[in-house]
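To start, the structure itself, in structure tokens.
The values are calculated or read from the model by the stated rules, or taken from the named source; none is laboratory data. All figures in this text were calculated on a predicted structure; none of them were measured in a lab. Positions of Cβ are backbone-derived with ideal geometry, glycine not excepted, and every protein chain shown enters the neighbour counts. SASA here: full protein model, heavy atoms, side chains in, ligands and nucleic acids out. Shrake-Rupley method; radii C 1.70, N 1.55, O 1.52, S 1.80 Å.
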Amino acid sequence: MKLLNYKSNLAITLSLLLVLMTSCKAVDNANNKQKGAAIGAAGGAILGAIIGNNVGKGGKGELGAVIGGVVGGGAGVLIGNKMDKQAQQIETEIPGATVERVDDGIVVTFDEQSGVYFDTEKYNINAKSQETLNKLASVFTEYPDTNILVVGHTDSSGNDAYNMTLSKNRAEAVTNYLTGKGLAYGRFTTHWFGEEQPMYDNTTAEGRSKNRRVNIAIVPNETMVNDAKKEAGSN
């Protein structure tokens, strides 16, 4: 799968932020809100990449606060170089995953091809998923100055409440597995959207399978941002 590189688009980012600020409903399942500043410096475009283009119901304001804003100037270049290397390593280690560089962050989408997927109504981490997540955990260990956002989704089968709980269980299963590999729990923020954010056609079996997904966004943490600003300022 080819690594997708995106340039920051100020107009798109501002439009997305406007949607975030005018959202009338906060995410009921949001957690770790206090990490909004610390989780990193990826912009509004990463929000669309991780949940899809369907703005849908409220709750994007909460995720927007978690993701934060884009770092510009020389510091942004330094951060971008580090994130490029990490994205390339993830793509090499997990060739079936879709790896996108969006603003200062990385979005990884897993499906059956990449080995992290869920059967209908299931949220267990199966043997194939464990193999893939083990590789991802190794990459995260090499890059400790990043934080990780895990977002769970379902297809449209079942009722809304059931699917919301199922997507919660899927996202938490991935987070718990990765932290069980020694990664600091404080690096993670976990969210879920049930069936609200489909990226594929739920009227087909293939589309439903792809919508039973977990996305992971990787963003620079406060240490990386501050170090980059210091380095850029000294040059």
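Tallying residues that are open to solvent by less than 30 Å² (accessible area, probe 1.4 Å), over 16 Å from the mean Cα position of the chain (by Cα) and closer than 20 Å to residue 164 by Cβ within segment 203-233 yields 2.
For segment 52-85, enumerate the residues that are modelled with pLDDT of 60 or more, out of contact with any Asp or Glu (no Cβ under 7 Å at 6 or more places or on another chain), surrounded by fewer than 21 Cβ atoms within 10 Å (Cβ to Cβ) and not in a loop (DSSP other than H, G, I, E, B). Walk me through it before giving the result.
In the first step, residues of segment 52-85 are kept if they are modelled with pLDDT of 60 or more; the result is 52, 63-64, 67-85.
From what is left, the residues that are out of contact with any Asp or Glu (no Cβ under 7 Å at 6 or more places or on another chain) are 52, 63-64, 67-69, 72-75, 77, 81-82, 84-85.
Filter again for surrounded by fewer than 21 Cβ atoms within 10 Å (Cβ to Cβ), leaving 52, 69, 72-74, 77, 81-82, 84-85.
Result: 73, 74, 77, 81, 82, 84, 85.
Quickly run through segment 201-218 and pick out the residues that are β-branched (Val, Ile, Thr), outside any strand (DSSP E or B) and at pLDDT below 90.
Across segment 201-218, there are no qualifying residues.
The residue pairs whose first member lies in segment 143-164 and is more than 21 Å from residue 199 (Cβ to Cβ), whose second member is β-branched (Val, Ile, Thr) and part of a loop (DSSP other than H, G, I, E, B), and whose beta carbons are closer than 9 Å, counting only pairs six or more residues apart or on different chains, are 147/39.
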